[in-house]
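Undergrad: This is the structure I want to talk about, given as structure tokens.
The values are calculated or read from the model by the stated rules, or taken from the named source; none is laboratory data. All values reported here derive from a predicted model rather than from experimental measurement. All Cβ positions, even for glycine, are placed from backbone atoms using ideal geometry, and neighbour counts span all protein chains on display.
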Amino acid sequence: MTSLDTATTADFEGWLVDQLRRDVQMRGELPGFRHAGGVAAGLLLTYGRLFTPAPWPDGGDPPGDPGRCYTESVSWAWASEGELVYVEGMAWDLAFPMEHAWCGTADGTARDLTWRRPGRAYLGIPVHAEEATRIMGAQGTPLLYSAEGHASRLAVEWARDGIPAELLADVGRPVPADG
């Protein structure tokens, strides 16, 4: 078995996808919902994309404040004039996956503004910066998660109805098919 110390990005991505699939399977179908299982897990497996971890471009520390990933990422994506997209989902820190946000580049690289060293794997839903800014400003929370760490009202709506295609940016790599 591969240890955390010797694991590759592909290993961490596989473990993250497997964890989300187990979450969806454990929770089962939700009557009246398009996406089964845990709201965020079902959305991430359906709409999520994988992003390649990379150190900050200039070799220094990322400019964002730790603990403010959602605000920092949406602000940087919005200010980038289309160069970056806002991505929200799960990222594997040193020892385990956690809810997180980052910016995605056109080539599928994760630009993590708040973690001093890049995560080991990133799987999130890429949303055009202008749309993410508008939605987050109106609802006062991240797209997928509430302040309490539960699914946001919007995420529940998306799990029921689907995410409007015009919100999604075509960056990152698709999640591999089950099997």
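Undergrad: Identify the residue in the range 22-51 that is within 13 Å of P97 (Cβ to Cβ) and part of a helix (DSSP H, G or I) and, among all such residues, is modelled with the highest pLDDT.
TA: Top of the filtered list is L44.
Undergrad: I'd like the full set of residues that are surrounded by fewer than 13 Cβ atoms within 10 Å (Cβ to Cβ), of a type in the set (A, V, I, L, M, F, W, C) and not in a helix (DSSP H, G or I), limited to the range 73-97.
TA: L94, A95, F96
Undergrad: Same structure again: Working carefully through the options A147, A138, A155, A132, find the one that is within 24 Å of P53 (Cβ to Cβ) and not aromatic (F, W, Y).
TA: Just one listed residue meets the conditions, A132.
Undergrad: Right, something else. Filter the range 49-74 down to the residues that are touching a residue at least 12 places away in the same chain (Cβ under 8 Å) and over 14 Å from T109 (Cβ atoms) and list them by number.
TA: Once the filter is applied, which keeps residues that are touching a residue at least 12 places away in the same chain (Cβ under 8 Å) and over 14 Å from T109 (Cβ atoms), the range 49-74 yields D61, P63, G64, D65, P66, G67, R68, C69, Y70, E72, V74.
Undergrad: Quickly run through the range 98-117 and pick out the residues that are surrounded by fewer than 16 Cβ atoms within 10 Å (Cβ to Cβ) and in a strand (DSSP E or B).
TA: Within the range 98-117, M98 is the sole residue that qualifies.
Undergrad: If the requirement is being hydrophobic (A, V, I, L, M, F, W, C) and without any contact (Cβ under 8 Å) to a residue 60 or more places away in the chain, which of these qualifies: A121, A106, A129, A151?
TA: Unique residue meeting the criteria: A129.
Undergrad: Scan the range 75-101 residue by residue and report those that are without any contact (Cβ under 8 Å) to a residue 60 or more places away in the chain and small (G, A, S).
TA: S75, A77, A79, S80, G82, G89, A91, A101
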